[in-house]
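Sending over a structure as structure tokens; questions will come in a sec.
The values are calculated or read from the model by the stated rules, or taken from the named source; none is laboratory data. On a predicted model such as this, the values are computed, not experimentally measured, just so you know. All Cβ positions, even for glycine, are placed from backbone atoms using ideal geometry, and neighbour counts span all protein chains on display. With ligands, DNA and RNA removed, areas are computed over all heavy atoms of the protein, side chains included. Shrake-Rupley method; radii C 1.70, N 1.55, O 1.52, S 1.80 Å.
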Amino acid sequence: MTEDEFDLFYTAAYPRLVGQLYALTGDHAEAQDAVQEAFVRAWDRRSTVLTGDRSPEAWIRTVAHRLAVSRWRRARHWWELVRGASVPPPVSEPSPDHVALVAALRRLPEAQRTAIVLHHLCDLSVEQIAAETGAATGTVKARLSRGRTALAAHLVSEEPHPREEACA
């Protein structure tokens, strides 16, 4: 399709396509924008889209409709974000045990803390921890042992156990 043929096609089809898309979207400006963008895309692909057995007007109508729907979805998503409908639910406060564990882990030396976290929270084996940290497996085992001992000492509760109160 030559440039002159495209201009004639545009002049004839544009008002009709805008009217059709306006009926679908209910927004005249959006219909004009979508049809205009569809014509730009058709011009870029004129060697394949505007020749052959396919109806170029049907192709442009389909593209314009998809563009309008896509814009509508983006606008709806934006509106939900602005309105706060997509705000994630609030996160509950950490339990006292969780707070105590984090505080106790912070008191460990970094090498022991790393070994404890990788082994007990990430479920890595001693060999995997050794490979990841560059330490020997014996060193990882020692860090785990010392880290557990230190962690247990930091986690000892200041409050007496209910059984200890009964005995007193």
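Just the residues that are small (Gly, Ala, Ser), in a loop (DSSP other than H, G, I, E, B) and out of contact with any helix residue (DSSP H, G or I) (no Cβ under 6 Å at 6 or more places or on another chain), please, taken from the range 76-134.
84, 85, 92, 95, 125, 134
Further question on the same structure: Looking at 44, 27 in this structure, which one is open to solvent by 100 Å² or more (accessible area, probe 1.4 Å) and either under 30 Å from residue 140 (Cα atoms) or of a type in the set (Asp, Glu) (or both)?
44
If you scan the range 114-123, which residues turn out to be at pLDDT below 90 and either among the charged types (D, E, K, R) or crowded, with 18+ Cβ neighbours inside 10 Å (or both)?
114, 118, 123
Would you check if residue 148 is at pLDDT below 90 and open to solvent by 100 Å² or more (accessible area, probe 1.4 Å)?
For residue 148, the condition - at pLDDT below 90 and open to solvent by 100 Å² or more (accessible area, probe 1.4 Å) - is not met.
Being closer than 22 Å to residue 99 by Cβ and free of Cβ contacts under 8 Å to residues at least 12 places away in the same chain is true for just one of 130, 152, 142, 136. Which residue is that? Walk me through how you get there before you give the answer.
Values: 130 fails: closer than 22 Å to residue 99 by Cβ; 142 fails: closer than 22 Å to residue 99 by Cβ; 136 fails: closer than 22 Å to residue 99 by Cβ.
Checking each option against the conditions leaves just 152.
Might you check whether a residue that is under 33 Å from the mean Cα position of the chain (by Cα) and in contact (Cβ under 8 Å) with a residue 24 or more places away in the chain occurs anywhere in the range 71-86? Please lay out each step first, then the result.
First, pick out the residues of the range 71-86 that are under 33 Å from the mean Cα position of the chain (by Cα): 71-86.
Now narrow it down to the ones that are in contact (Cβ under 8 Å) with a residue 24 or more places away in the chain: 71-72.
Yes.
Please tell me if residue 138 is part of a helix (DSSP H, G or I), at pLDDT 90 or above, out of contact with any Pro (no Cβ under 6 Å at 6 or more places or on another chain) and surrounded by 13 or more Cβ atoms within 10 Å (Cβ to Cβ).
Spelling it out, it is not the case that residue 138 is part of a helix (DSSP H, G or I), at pLDDT 90 or above, out of contact with any Pro (no Cβ under 6 Å at 6 or more places or on another chain) and surrounded by 13 or more Cβ atoms within 10 Å (Cβ to Cβ).
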